[in-house]
Amino acid sequence: MIQEPASHQQAAGPDAESEATRRDAGVTESARANRGWWDRNADEYQVEHGTFLGDDRFVWGPEGLDEVEAELLGPPEDLKGRDVLEIGAGAAQCARWLAAQGARPVALDISHRQLQHALRIGSSFPLVCADAGALPFADGSFDLACSAYGALPFVADPVLVLKEVRRVLRPGGRFVFSVTHPIRWAFPDEPGPEGLSVSASYFDRTPYVEQDENGDAVYVEHHRTIGDRVRDVVAGGFRLVDLVEPEWPAWNTSEWGGWSPLRGNLIPGSAIFVCERG
């Protein structure tokens, strides 16, 4: 489930009652802020993006790359009987597709309200409200794990999450996750020509924070360069099998935040990391 397929800093802008800034934000503050943000905004998110996502599609990003064609988790026929963990599942659209292939998914999200939408649509698999940095599962519980824009853009310590995912995977298990392409951090997240000129340093890793009148974070997004992401994968105990940068397809004429055909045909919008447990 695509959690927030754009840098929130420019796609949505800060909430009316919050102030946007750039400052450090640790593991605890980031988790608390983003849990609250998604609980407050889940309804609006599902109304705005539910049609694009569908109830039981597995979409990797705003470009519309579908797991049916991508097969990044493997051929659909090989998913039958596999235990699969979806992280940052939202309304569990991806998990629902996996279940239809005969897999045994578990959908996890930090937001209770997002998972209520999974219940509304309907699910025949477990829904778990938990932090990706502290997965409530035994070692070696899953064959595969996946995350479509879930968790990784929002956590202060991505290696902690990767190590947790590795722990709950069986030997040889695959973890595939998609995030906003790191190069997008340097550009205004606007769908038109104004989104094509560099406005910030690609190398500035200072988190984007929205905070309330007391200075407490209500939303946090973290930036990692491509090199950072690769090093994180290795430090988490994985081997990087592939790095997919989906091209914008001709059929997709929609805009989603700063994602648009104009920008999508010129600069990458998503990065998908295909990893295997070492």
**Study point:** Whichever residue in the stretch 14-62 is over 21 Å from Val128 (Cβ atoms), hydrophobic (A, V, I, L, M, F, W, C) and part of a loop (DSSP other than H, G, I, E, B) and, among such residues, is nearest to the chain's Cα centre (by Cα)
**Key:** Trp60
Practice item. Could you grab the pairs with beta carbons closer than 7 Å, sequence gap of 6+ or different chains, first residue in the stretch 200-222 and farther than 23 Å from Ile183 by Cβ and touching a residue at least 24 places away in the same chain (Cβ under 8 Å), second one charged (D, E, K, R) and loosely packed, with under 13 Cβ neighbours inside 10 Å? Key: Asp212/Glu17
Revision key, fill the gap. Across the stretch 63-80, the tally of residues that are part of a loop (DSSP other than H, G, I, E, B) and among the aliphatic types (A, V, I, L, M) stands at 3
Review point. Does Asp78 satisfy being open to solvent by 20 Å² or more (accessible area, probe 1.4 Å) and modelled with pLDDT of 95 or more?
Key: yes
Check your understanding: Among the candidates Asp216, Asp228, Asp189, which residue alone is modelled with pLDDT under 95 and either over 26 Å from Asp83 (Cα atoms) or of a type in the set (Phe, Trp, Tyr) (or both)?
Key -> Asp189
Exercise for review: Please give the strands (runs of 3 or more DSSP E) falling wholly within the stretch 104-188 in which 1 or more residues are surrounded by 24 or more Cβ atoms within 10 Å (Cβ to Cβ) and either touching a residue at least 40 places away in the same chain (Cβ under 8 Å) or more than 17 Å from the chain's Cα centre (by Cα) (or both).
Suggested key: 104-109, 142-148, 169-180
Exercise for review: Would you mind telling me which numbered condition in (1) modelled with pLDDT of 95 or more; (2) touching a helix residue (DSSP H, G or I) at 6+ places or on another chain (Cβ under 6 Å); (3) open to solvent by 20 Å² or more (accessible area, probe 1.4 Å) Glu29 fails?
Suggested key: (2)
Exercise for review: Look at the stretch 220-278 and say how many of its residues are part of a strand (DSSP E or B), of a type in the set (Val, Ile, Thr) and open to solvent by 50 Å² or more (accessible area, probe 1.4 Å).
Suggested key: 1
Revision key, fill the gap. Taking the stretch 53-75 and keeping only residues that are of a type in the set (A, V, I, L, M, F, W, C) and surrounded by 16 or more Cβ atoms within 10 Å (Cβ to Cβ), one is left with Leu53, Phe58, Val59, Trp60, Leu65, Ala70, Leu72, Leu73
Point to revise | Residue count for the stretch 189-214, restricted to those that are in a loop (DSSP other than H, G, I, E, B), open to solvent by less than 30 Å² (accessible area, probe 1.4 Å) and over 18 Å from Ser270 (Cα atoms) | key: 1
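The values are calculated or read from the model by the stated rules, or taken from the named source; none is laboratory data. These numbers come from a predicted model, not from an experiment. Note that we place each Cβ from the backbone using ideal geometry, even for glycine, and neighbour counts take in every protein chain shown. Keep in mind that these areas ignore ligands, DNA and RNA; they rest on the heavy atoms of the full protein, side chains included. Shrake-Rupley method; radii C 1.70, N 1.55, O 1.52, S 1.80 Å.
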